[in-house]
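See structure below.
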Amino acid sequence: MHDTDGHKLERREFLKYMLSAAALPLVPGDTFLGRFNRVVLERSLSFYNIHTGERLTAVYWSLGSYHMDTLSEINHIFRDHRTGEEEQIDAGLLDLLFSLKSKVESSEQFHIISGYRCPSTNRLLQKNSKGVANGSLHMEGRAADIRLPGVKLSALRGAAMDLGLGGVGYYPQSDFVHVDTGRVKYWLGS
């Protein structure tokens, strides 16, 4: 396979280009080139941790590679705010959030209600709520409880379900949507 300049593409490079092209419909934009540049060149996310008050806006992926230093910053903002413990946040979760934000066409920061949870925090939350799973994907860095200012919670839930990339829990009374990179399933919480 050759690129537009006639250079031979390695199989891995070719697959990166093809995966990027396949993701184009996930990213809104006024022009094809605008969508292409956002998908192929970089992916960024913005977060606000409601418990610590910290904010982060960062490019976490560009030109086919995840940025390890940025992933460390994301691990920090997603940490268990009760204990300070950090865990590697699943890059697939970040890609899910990027796709979700693109789908609802928002430029706002995701509000993190819960990111990583250490096992002791998960046990504590289980005692106080029947909606906390014993084997929660929060303990693996594969789940986030979020909201997105300016986007109705029901619309955020619907968009996450439309993506079909993992579990989606809807917690209207608690004002958040749970998303994870586990099997595709949907539930209603309180």
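Descriptive notes on the structure:
- Residue match in region 108-116 (condition: open to solvent by less than 30 Å² (accessible area, probe 1.4 Å) and of a type in the set (Ser, Thr, Tyr)): yes
- Test: Gly150 is open to solvent by 50 Å² or more (accessible area, probe 1.4 Å), in contact with an Asp or Glu (Cβ under 8 Å, 6 or more places away or on another chain), part of a loop (DSSP other than H, G, I, E, B) and not hydroxyl-bearing (Ser, Thr, Tyr): yes
- Condition check for Glu105 on (1) touching a strand residue (DSSP E or B) at 6+ places or on another chain (Cβ under 9 Å); (2) charged (D, E, K, R); (3) open to solvent by 60 Å² or more (accessible area, probe 1.4 Å); (4) part of a loop (DSSP other than H, G, I, E, B): one failure, at (1).
- Selection within region 137-156: residues that are in contact with a Pro (Cβ under 9 Å, 6 or more places away or on another chain) and within 25 Å of Arg79 (Cβ to Cβ). The member of this set that is modelled with the highest pLDDT is Leu153.
- Arg123, sole failed condition from (1) in contact with a His (Cβ under 6 Å, 6 or more places away or on another chain); (2) open to solvent by 60 Å² or more (accessible area, probe 1.4 Å); (3) not polar (S, T, N, Q): (1)
- A single entry from Thr31, Thr70, Thr52, Thr4 fulfils the requirement of being loosely packed, with under 15 Cβ neighbours inside 10 Å and at pLDDT 55 or above: Thr52.
- Of all residues in region 127-147, those being in a helix (DSSP H, G or I) and open to solvent by less than 60 Å² (accessible area, probe 1.4 Å) number 3.
- Among the residues making up region 80-91, those that are open to solvent by 30 Å² or more (accessible area, probe 1.4 Å), at pLDDT 95 or above and farther than 21 Å from Tyr171 by Cα are Thr83, Gly84, Glu85, Glu86, Glu87, Gln88, Asp90.
- For region 68-106, residues that are more than 9 Å from the chain's Cα centre (by Cα) and free of Cβ contacts under 8 Å to residues at least 40 places away in the same chain total 15.
- Some residue of region 131-145 being more than 27 Å from Trp61 (Cα to Cα), touching a residue at least 24 places away in the same chain (Cβ under 8 Å) and out of contact with any Cys (no Cβ under 7 Å at 6 or more places or on another chain): yes
- Taken over region 148-177, the criterion of being touching a residue at least 60 places away in the same chain (Cβ under 8 Å) and within 13 Å of the chain's Cα centre (by Cα) is satisfied by Ala160, Leu163, Leu165, Gly166.
The values are calculated or read from the model by the stated rules, or taken from the named source; none is laboratory data. Keep in mind that what you see is a predicted model, and the values were worked out from it rather than measured. Don't worry about glycine lacking a Cβ; one is built from the backbone with ideal geometry, like all the others, and counts go over all protein chains shown. The protein model used for the area step is the full one, side chains on, heavy atoms only, and it has no ligands, DNA or RNA in it. Shrake-Rupley method; radii C 1.70, N 1.55, O 1.52, S 1.80 Å.
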